[in-house]
1. Inspect all residues belonging to the range 106-117 and state whether any of them is in contact (Cβ under 8 Å) with a residue 40 or more places away in the chain, at positive phi and out of contact with any Asp or Glu (no Cβ under 6 Å at 6 or more places or on another chain).
2. How many of the residues in the range 128-153 are within 15 Å of residue 186 (Cα to Cα) and without any contact (Cβ under 8 Å) to a residue 60 or more places away in the chain?
3. Among the candidates 109, 156, 133, single out the residue that is more than 28 Å from residue 79 (Cβ to Cβ) and modelled with pLDDT of 95 or more.
4. Residue 161 versus (1) free of Cβ contacts under 8 Å to residues at least 12 places away in the same chain; (2) within 19 Å of residue 13 (Cα to Cα); (3) in contact with a Ser or Thr (Cβ under 9 Å, 6 or more places away or on another chain): which is the lone unmet condition?
5. Please pick out the residue among 152, 215 that is part of a helix (DSSP H, G or I) and more than 20 Å from the chain's Cα centre (by Cα).
6. Which of (1) buried (at least 18 other Cβ atoms within 10 Å of the Cβ); (2) at pLDDT 95 or above; (3) more than 21 Å from the chain's Cα centre (by Cα) is the odd one out, the single condition residue 35 does not satisfy?
7. All but one of (1) surrounded by fewer than 18 Cβ atoms within 10 Å (Cβ to Cβ); (2) without any contact (Cβ under 8 Å) to a residue 60 or more places away in the chain hold for residue 57; state the number of the condition that does not hold.
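The values are calculated or read from the model by the stated rules, or taken from the named source; none is laboratory data. Quantities reported herein were computed from a predicted structural model and do not represent experimental measurements. We place every Cβ from the backbone using ideal geometry, glycine too, and count neighbours over all the protein chains shown.
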Amino acid sequence: MNTLKSPLLLAVTLAFVLSPLFVTSFRGYDPAAFPVPVFEPPVQPAGWAFSIWGLIYAWLIAHAAYGLWRHRSDPLWDAPRWPLIASLALGASWLEVANRAPILATVQIVAMLGLALWALARSPRGPGRWWRIAPVALYAGWLTAASGVSAGVVLIGHGVLGATAATLAMLVLVLAVALIVQRRNRHAPEYALAVAWALAGIVAANLGADGLIAGAAGAGIMALAANGVWRGAAG
């Protein structure tokens with residue numbers, strides 16, 4: 001077993017968490033970066049929803065630090081480290097890329113998501129769930145929603161779809177992925193909670209402006225809740 005993985009994970013986690021300090025403030029893609037300027041895209045959650053990053057950052061640091069301290073050579077802790085390291089390493093440069101190249105940033109965040117889901121898949125049931133599994137699940141859940149938001153804004157900005165059509169398409173895609181991942185990871189409810197939090201932000205952003213989008217996002221929250229209850233009863 002490579003015992004360098006645990007200190008490397010802590011290092012890339014800190015780089016990821018500290019990366020916002022080294023880039024210009026990011027409040028979404030620059031409207032001027034698109035052929036069709038995108039102002040207040042309906043696919044983007046309300047600003048308060050992004051506060052979840054504080055919890056994600058703190059929990060990922062706790063995960064990496066505790067794993068290094070107490071579980072450096074534990075196979076359960078070690079299994080997800082490589083994909084999580086790769087995801088966070090990509091994430092450390094994401095804000096800088098997002099400020100310059102939205103399409104590349106979208107590809108990058110989808111790659112981050114794929115690696116995070118791989119890490120989650122390699123985090124089976126077992127002891128230490130709150131330290132070992134929950135932070136990875138929360139991170140992967142938010143990335144699922146964020147990938148849809150990023151892709152939706154790019155579709156709108158390049159005139160591929162209108163704002164409503166792009167938002168609804170991304171909601172369907174995000175929900176489809178989330179339901180599948182939720183079913184396969186019943187031991188990690190934080191994943192679905194992070195997706196639901198993002199959907200709640202989309203509901204809030206569209207209330208009074210676009211009832212169809214707000215209703216679709218709300219239906220997504222109910223679908224996740226129903227899926228969780230049903231799978232819990234079945235399991």
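1. No: the range 106-117 contains no residue that is in contact (Cβ under 8 Å) with a residue 40 or more places away in the chain, at positive phi and out of contact with any Asp or Glu (no Cβ under 6 Å at 6 or more places or on another chain).
2. Looking only at that region, the number is 6.
3. None of the other options fit; the residue is 156.
4. Single failed check for residue 161: (2).
5. The unique qualifying residue is 215.
6. Every condition holds for residue 35 apart from (1).
7. So residue 57 meets the others, but not (1).
Residues checked against (1) over 16 Å from the mean Cα position of the chain (by Cα); (2) outside any helix (DSSP H, G or I):
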| site | (1), (2) |
| --- | --- |
| 188 | no, yes |
| 194 | no, no |
| 197 | no, no |
| 208 | yes, yes |
| 226 | yes, no |
